[in-house]
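Reading through the structure tokens given below for one structure.
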């Protein structure tokens, strides 16, 4: 049985741990990503938001080694049996599927604290992406920034300058307030470019390492 790429130009690809059977993530493949996966032995996907091919782990080195590929009965979905190097989820968890919807009755009555799962930065970033991808006409400052690149860039510059002024002349509370403004507007910029905060964290890890913080030499 072969995939009919003309009929199904983009198919779901479910990544599953080849030893434990744990479902790790869901992504999508076009024909080129599928063929690259077969030829290289590592999972490649097609990003619907960025409209480009990407290799899992291309920036984090959390690659997925292919052990087997299962095609479903309609030849329009694949299961990748993989060896996951590192973790599958950008939040740092092994699997992207860690939030239970159906819980015992007592647990169902409790609110899931997403801030404790993701951290406030990741939660805010995902909220920004929701605003970006929303098709509603509801107005929000985030949607306005995302729709007007020049406004977004000018606000990032403005907030960066206000942080500098606060550090130089104002109270600790004002430094914190202005820094929060700068972080929010920077996250909007990352969302505009579809760059997750996790990639910034990875860059910091590369610069400072895990064996102790050291000053990175100037690139100039």
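The values are calculated or read from the model by the stated rules, or taken from the named source; none is laboratory data. Computed from a predicted model, the values in this text were never measured in an experiment. Note that we place each Cβ from the backbone using ideal geometry, even for glycine, and neighbour counts take in every protein chain shown.
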query = Would you call residue 210 at pLDDT below 95 and surrounded by 11 or more Cβ atoms within 10 Å (Cβ to Cβ)?
reply = no
task = Please give the number of the condition residue 90 fails out of (1) over 17 Å from the mean Cα position of the chain (by Cα); (2) surrounded by 14 or more Cβ atoms within 10 Å (Cβ to Cβ); (3) touching a residue at least 40 places away in the same chain (Cβ under 8 Å).
result = (1)
query = Hey, does the range 133-143 have a residue that's closer than 11 Å to residue 191 by Cα, assigned by TED's automatic domain parsing to the domain that holds residue 192 and surrounded by fewer than 12 Cβ atoms within 10 Å (Cβ to Cβ)?
reply = yes
request  = Would you check if there is a residue in the range 95-117 being within 15 Å of the chain's Cα centre (by Cα), at pLDDT below 60 and within 30 Å of residue 200 (Cβ to Cβ)?
outcome  = yes
query = Across the range 48-58, what is the number of residues that are surrounded by fewer than 15 Cβ atoms within 10 Å (Cβ to Cβ) and either touching a strand residue (DSSP E or B) at 6+ places or on another chain (Cβ under 7 Å) or outside any strand (DSSP E or B) (or both)?
reply = 5
inquiry  = Can you confirm whether residue 34 is within 22 Å of the chain's Cα centre (by Cα), surrounded by 14 or more Cβ atoms within 10 Å (Cβ to Cβ) and closer than 26 Å to residue 202 by Cα?
reply    = no
